[in-house]
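Each remark here refers to the structure printed beneath this line.
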Amino acid sequence: MKNLFPAALALIVALVLGYLAYYLADARHDDNSILVTVGTIISTALTLGTAMAVRPENERIGVNLRVLATMMFIATLACNLGFAAFGVAMPFYLVLIVLLLVVFLSVAWKLINIKDV
């Protein structure tokens, strides 16, 4: 229950950044502005939610997980806002964001499942 507030805060930040991406993409009259908005919300919520709300029992794993999540948050946010501001080629956008999230989730999964540090 104590991780509910950071998770809600991460979701609110994800929604606000999603709106920013929508505003940037819609200002250019881009047809894929909804795609950028949804991609920004999903990637920001996953990475920022992990950095803020996930607390493993081992502190070393927790630090590594938060550093990984913060780095991926910055990378996905830069990609999302870059595609929103300068234009979206849908295949490139989808491939890049999905690859970033798959790498993030696989490394985070391995970190969480480490038993002996």
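What about VAL36, is it assigned to a loop (DSSP other than H, G, I, E, B) and crowded, with 18+ Cβ neighbours inside 10 Å?
Values: assigned to a loop (DSSP other than H, G, I, E, B): no; crowded, with 18+ Cβ neighbours inside 10 Å: yes.
It is false that VAL36 is assigned to a loop (DSSP other than H, G, I, E, B) and crowded, with 18+ Cβ neighbours inside 10 Å.
Let's see how each residue does on (1) under 22 Å from VAL107 (Cα atoms); (2) modelled with pLDDT of 90 or more; (3) touching a Ser or Thr at 6+ places or on another chain (Cβ under 6 Å):
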| position | (1), (2), (3) |
| --- | --- |
| ASP31 | no, no, no |
| LEU35 | no, no, no |
| ALA45 | yes, yes, no |
| MET72 | yes, yes, yes |
| THR76 | yes, yes, yes |
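Residues being in contact with an Asp or Glu (Cβ under 7 Å, 6 or more places away or on another chain) and assigned to a helix (DSSP H, G or I): count how many of those fall in region 65-117.
So the count comes out to 0.
For every residue, the table says whether it meets (1) polar (S, T, N, Q); (2) open to solvent by less than 30 Å² (accessible area, probe 1.4 Å); (3) in contact (Cβ under 8 Å) with a residue 12 or more places away in the chain.
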residue: TYR22; (1), (2), (3): no, no, yes
residue: ASP26; (1), (2), (3): no, no, no
residue: ASN32; (1), (2), (3): yes, no, yes
residue: GLU57; (1), (2), (3): no, no, no
residue: ALA84; (1), (2), (3): no, yes, yes
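Let me confirm something: among VAL117, VAL88, which residue is at pLDDT below 90 and crowded, with 17+ Cβ neighbours inside 10 Å?
Details: VAL117 fails: crowded, with 17+ Cβ neighbours inside 10 Å.
After ruling out the rest, the residue left standing is VAL88.
For residues that are more than 12 Å from the chain's Cα centre (by Cα) and within 15 Å of LEU101 (Cβ to Cβ), tally how many sit in region 20-48.
2
Assuming ALA51 fulfils every condition listed in (1) open to solvent by 50 Å² or more (accessible area, probe 1.4 Å); (2) under 16 Å from the mean Cα position of the chain (by Cα); (3) modelled with pLDDT under 95 apart from one, which condition is it?
Result: ALA51 passes all but (1).
I need the full set of residues from region 60-114 which are of a type in the set (S, T, N, Q) and within 15 Å of the chain's Cα centre (by Cα), in order please.
THR70, THR76, ASN80, SER106
Take the conditions open to solvent by 60 Å² or more (accessible area, probe 1.4 Å) and either modelled with pLDDT of 90 or more or of a type in the set (Lys, Arg) (or both) and apply them to ILE12. Does it pass?
On the way: open to solvent by 60 Å² or more (accessible area, probe 1.4 Å): yes; either modelled with pLDDT of 90 or more or of a type in the set (Lys, Arg) (or both): yes.
Spelling it out, ILE12 is indeed open to solvent by 60 Å² or more (accessible area, probe 1.4 Å) and either modelled with pLDDT of 90 or more or of a type in the set (Lys, Arg) (or both).
The values are calculated or read from the model by the stated rules, or taken from the named source; none is laboratory data. What you are looking at is a predicted structure, and each value in this text was computed from that prediction instead of being measured. So basically every Cβ, Gly included, is an ideal-geometry build from the backbone, and we count neighbours across all protein chains shown. The protein model used for the area step is the full one, side chains on, heavy atoms only, and it has no ligands, DNA or RNA in it. Shrake-Rupley method; radii C 1.70, N 1.55, O 1.52, S 1.80 Å.
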